[in-house]
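Following: one structure in structure tokens, then a few remarks.
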Amino acid sequence: MPSLDIRKSRNRIENINALPTVPGTLKRISGIIEKPRLALEEISRFVAGDPALTSRVLKMVNSAVYGFPGRISSVPHAIMLLGLNVVKGLLLGISVFDIMQKVMGGLWEHSVACAVVSRSIAEKMKAKVKDPEEVSVSGLLHDMGKVILMLEYQEQYQEAMRAAESRGLPISRTEKEIFQETHAAVGMWLSRKWRFPENLVEAMAYHHDPSLAKAAPVETAVVHLADILVRARGIGFAGDPFVPAVDPAAYDLLGLSDGDIREVLAALEKSIEQDTDLSLS
């Protein structure tokens, strides 16, 4: 199959609301979160106006992803606790849930598990990580680019998945061969369009190449390690069966002990036991 150069289509991809394959819910959420001066009250009204979205938001914030000790029963309460950037990421994740289930079975479960592990690791890095909840957003959305590529270039993306499996390569490698860019780059384009802070942007953009991160090397190393741990644990499906090696410099930067890793994995197992149904149905 001839390769594409999606870099030439960057403006089209960034203008996600104009893409014919993107569902209405994602278009509406994208439209509101990319506003330059967005208030929490506006998001609250937006969510409250959609009962199905409200239900999914409350289910997500009461899951093990965020680990609040008490039950959160209202959207304004959730927004006040989580903050603007986390809520924006949460809405995006929820908006692509149905798409993930259709285009790549297991991707949602992989993404939620990455959010849980990213938060667990970040909790251990409080001296270096300001907001573990924001890091969990990067874990939840780190594969957003795969969703967009699958929606817009389904035949080519399926070819990338087949090539990754048959050749034993990571999906990012075959994406690069077919599209001249990877899902991580697409995620970076969109996260900047959505006005996320640079620490979230870099963690999404460089989770396969953490050495490239300049503004947020620690947060990027967290999502990098979380992605690999979840793959090794076999939770969900990220487009290929490949479990890459951990970048040694990223691991050294985090300074985690073997005991820390065991605790992170134990927390993941506990979250699976508590939230056996990771879906939002």
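Rounded to the nearest Hz, the phi-derived 3J(HN,Hα) couplings of segment 102-115 under the Karplus curve 6.51 cos²θ - 1.76 cosθ + 1.60 (θ = phi - 60°) are 8, 8, 7, x, x, 5, 4, 4, 4, 5, 5, 4, 5, 5, where x marks glycine and proline.
If each residue of separation counts as 0.36 nm, what is the full-extension length gain between R162 and Q101 once their alpha-carbon separation is subtracted?
In short, 20.1 nm is gained.
Backbone phi angles across segment 205-210, fed through the Karplus curve with coefficients 6.51, -1.76 and 1.60 (θ = phi - 60°), yield HN-Hα couplings of 6, 10, 5, 8, 9, x Hz in residue order; Gly and Pro are listed as x.
Phi angles of segment 167-178 translate, via the Karplus equation with coefficients 6.51, -1.76, 1.60 and θ = phi - 60°, into HN-Hα couplings of 9, x, 10, x, 4, 4, 5, 6, 4, 4, 5, 8 Hz per residue; Gly and Pro are given as x.
Do the alpha carbons of any pairs in K130/K214; K124/K214; K124/K193; K59/K270; K8/K146 sit beyond 25 Å of each other, and which pairs? Display every interim value, and only then the final one.
Values: K130/K214 16 Å; K124/K214 21 Å; K124/K193 30 Å; K59/K270 17 Å; K8/K146 18 Å.
From K130/K214; K124/K214; K124/K193; K59/K270; K8/K146, over 25 Å: K124/K193.
If each Cα of the chain is one equal point scatterer, what is log10 of I(q)/I(0) from the Debye formula at q = 0.08, 0.10, 0.13, 0.17 Å⁻¹? Log10 I(q)/I(0), no solvent term: -0.30, -0.47, -0.83, -1.50. Here the Kirkwood formula, the inverse mean of 1/r across different C-alpha pairs, assigns segment 1-128 a hydrodynamic radius of 16.4 Å.
Working from Cα pairs under 8 Å separated by at least six residues, relative contact order for the chain is 22 percent.
Taken together, the values in this text are just the output of simple stated rules run on the coordinates, not laboratory data. The structure presented is a predicted model; accordingly, all values stated were derived computationally and were not measured.
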